[in-house]
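To start, the structure itself, in structure tokens.
The values are calculated or read from the model by the stated rules, or taken from the named source; none is laboratory data. These numbers come from a predicted model, not from an experiment. Every residue, glycine among them, receives a Cβ derived from its backbone with ideal geometry; neighbour counts consider all protein chains shown.
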Amino acid sequence: MLSDVNLRALFNPDTIAVVGASRKTHKLGHVILANLISAGYKGKLMPVNPAEGEILGLAASPSVKDLPHPPDLGIIVLPREQVLAAMEELADAGVSAVSVITAGFRETGRDGFELEMEMADLARRRDIALLGPNSLGLVNTANCLNATIAQAMPAKGSIAFFSQSGALCSAILDWADGEGIGFSKFVSLGNKAGVSEADILEFLGDDPNTSVIIGYLESVDDGRKFMTKARAVTEKKPVIMIKAGTTQAGARATSSHTGSLAGNVVASTAAFRQAGIIQVDDLESLFNLARAFASQPLPQGHNLTVVTNSGGPGILAADACEGANLNLPRPSRETLKQLGEILPPFAAVYNPIDIIGDAPAERYRATLEAMAKDSITNAILVLLTPTASAQIRETAQAIIDVAAHCDKPVFASFMGDARIGPGRDMLLKAGIPCYSYPEPAIRAISAMHAHYRWKNRPWPVEVCFRRDKGKAARTIENARKLGLSELPFADAMEIAAAYELPVPETRLVRTSDQAVRAAKKLGYPVALKLVSPHIPSRFDVDGVALNLATPRDVRDAWLDITNRAQRKRPDAYIAGCLVQTMGPVKARDVAVRFTQDPQFGPLVSFCLAGPSAEVLEDISYRLAPLTLQDVQDIVREIKSFPLLRGVRGGEPVNLAAIEDILLSMSQMATDFPEIREAELNPVLVDAEGAMVTDVRVTIR
């Protein structure tokens, strides 16, 4: 674990050694030293180059050993083969942090990977905060530190940005300069051989100059650590992130870019949600939200008031609110009376408030002042279209004046380009987010309200269910001794019973005569299910027969199932069939599953049973361990939840029984990382309870 002292040395060094500094202006060693000087860095700068006596007016030391002072931060801009030796010299000199700009490590293949691992090991042993390699560097505007190879020093601001992509950092710095967006910190993580996204999150969470954290991630090295740190940070300030590599093509590009694995998309999405991170899909949304969070207070409710000079944009805003979980309430009676006195008689006052296309700035001002005092509304969105009579600058000033004395967030959407430009610039300069269309404004308001709910949510309650962990461990160990990767059904059922999952009475039979005797002992009606280690899904061979009420039914079903399986899968070994007591007649079939994600750990999923859930992607996910809130959300999140709640006179199922099964599976996944995958499918659930009729467990 990196010490806070070393991270502080990375961002707030008193002395910096630039190893590989150069007089040649096209060399990165020259660029980074020039950036440090031009940004106004006040500490001691020490260039290192054996061939040059003076660089940019600074005396150069021939080697790290000859430095006049021990450096707090060492910046290495050398050929790949010389980097490790330079790191060792800096470590001997007592450096606390090292930033490696040089590329050509794990992203290039085995040799580069092995060299990077040696650097990472050195950093761990010598307690050095290692940024990179393959990094653009970092910026701290609070102390005028521009230790990057980018061309521009960003303006000061309260937004902190970190990224795995150095080239993306360069583009964003240039774009932010044009948009007037300032930063508190700016970090290019590179290959993350030392300092990780979790370390940066923790540091920025305690940074007094940062109010909003945004980031671009291609991979997460330690998912559990990342979630723990992120959850603590989002309690204090918003974290907004893009996760790249969410498609097969993107995952391949990620691997070739930084040598990292992009990981499971649904696992990272679940991790972000459970850690309180706001995930976006594109850079425009990233900065739209960052600007909103940095400049406006959080809306403390979901009631939005829209003020517009045109009915069409107001309708678009209303449609967008429907999908963003925002409400457009009627103003209070007192406010309606006040609006009736302010607005023309044909104005619409019931929200969206249409103040008509000829509205001058003063009509906007009076309407906004009335809505700012209305206790029903939690946020205000002002829409303006550049009609012939629109007063662009004056309306912008009216919004600025009202917002200055309003404790609610105020947003604007000035629709157009050339004519509305001056008004938009005025609003942005005053810290009021202004968008070209209503939809991004409403998405920003929705995200801010979601973050308000996250910060004020009830404390999560984790549940530890009763289970016979020892019995489950013995069952798994016996399977491993036999060299099995998939547990036999009987063993899987034993594990289910050890976790007190509701399972029916079951018998494994080898012949039709045994099946008849088992059915008689269990009691009719029964179900018959094929057992084969080579056929993971019985539905592929129609290997299930239900509601068998007589011995003849059982014999006929046995012959049908086994003959059909041998015909369709002649390569498969048929171990026999299971005879089970029948579950509830009017039950719904659901499926519960978990898999071990390499980055984030156990990923639990829930859906209705059957292929339709996978085809329609109607599956919800959470990472274990699950809280009470998690299991409630995961059940209600699927689109087909109304079928469980009961539609068209149907009886609702016992949701608590499903939630108990999810909690038990979460406990199993947490207890046994060696279980690669476990699936309960189907689980029959009705108004009375639930029954797990089939269990599948595979181990590492």
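Tabulated results
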| quantity | calculated |
| --- | --- |
| Complete set of residues in the range 516-573 that are touching a Gly at 6+ places or on another chain (Cβ under 9 Å), crowded, with 16+ Cβ neighbours inside 10 Å and part of a helix (DSSP H, G or I) | ILE561, THR562, ALA565 |
| Among the residues listed as ASP417, ASP407, the single one being free of Cβ contacts under 8 Å to residues at least 40 places away in the same chain and either hydroxyl-bearing (Ser, Thr, Tyr) or assigned to a loop (DSSP other than H, G, I, E, B) (or both) | ASP417 |
| Residue check, LEU56 under 22 Å from THR141 (Cβ atoms), crowded, with 16+ Cβ neighbours inside 10 Å, over 41 Å from the mean Cα position of the chain (by Cα) and in the same structural domain as ASP92 (by TED's automatic domain parsing) | yes |
| Residues that are crowded, with 24+ Cβ neighbours inside 10 Å and aliphatic (A, V, I, L, M), drawn from the range 87-103 | MET87, LEU90, VAL95, ALA97, VAL98, VAL100, ILE101 |
| The range 537-552, residues that are under 43 Å from the mean Cα position of the chain (by Cα) and under 21 Å from ALA518 (Cα atoms) | ARG538, GLY543, VAL544, ALA545, LEU546 |
| Residue match in the range 686-693 (condition: closer than 27 Å to ARG224 by Cα and either under 28 Å from the mean Cα position of the chain (by Cα) or assigned to a strand (DSSP E or B) (or both)) | no |
| Any hit, the range 131-147, residues being surrounded by fewer than 21 Cβ atoms within 10 Å (Cβ to Cβ), free of Cβ contacts under 8 Å to residues at least 24 places away in the same chain and of a type outside the set (A, V, I, L, M) | no |
| Residue among ALA613, ALA669, ALA657 that alone is assigned to a helix (DSSP H, G or I), closer than 25 Å to ASP540 by Cα and touching a residue at least 24 places away in the same chain (Cβ under 8 Å) | ALA613 |
| Any chance ASP513 is assigned to a helix (DSSP H, G or I), within 21 Å of VAL592 (Cβ to Cβ) and outside the structural domain of VAL697 (by TED's automatic domain parsing) | no |
| Any pair with Cβ under 8 angstrom, 6 or more apart, that starts in the range 6-31 at a residue that is without any contact (Cβ under 8 Å) to a residue 60 or more places away in the chain and ends at one that is among the hydroxyl-bearing types (Ser, Thr, Tyr) | GLY29/SER22; HIS30/SER22 |
| Residue match in the range 124-137 (condition: closer than 27 Å to PHE293 by Cα and assigned by TED's automatic domain parsing to the domain that holds LEU289) | yes |
| Count of residues meeting criterion [assigned to a loop (DSSP other than H, G, I, E, B) and either basic (Lys, Arg) or over 19 Å from ASN12 (Cβ atoms) (or both)] in the range 36-61 | 9 |
| Index of the failed condition, GLU674 passing every other in (1) buried (at least 17 other Cβ atoms within 10 Å of the Cβ); (2) over 25 Å from the mean Cα position of the chain (by Cα) | (1) |
| Some residue of the range 131-146 being among the small types (Gly, Ala, Ser) and farther than 17 Å from PRO13 by Cβ | no |
| Yes/no for ALA142 being out of contact with any Gly (no Cβ under 6 Å at 6 or more places or on another chain) and either outside the structural domain of ALA193 (by TED's automatic domain parsing) or under 19 Å from THR210 (Cβ atoms) (or both) | yes |
| Residue check for ARG443: over 30 Å from SER666 (Cα atoms), at pLDDT 95 or above and out of contact with any strand residue (DSSP E or B) (no Cβ under 6 Å at 6 or more places or on another chain) | yes |
| Single match in ALA388, ALA398 (criterion: part of a loop (DSSP other than H, G, I, E, B) and not aromatic (Phe, Trp, Tyr)) | ALA388 |
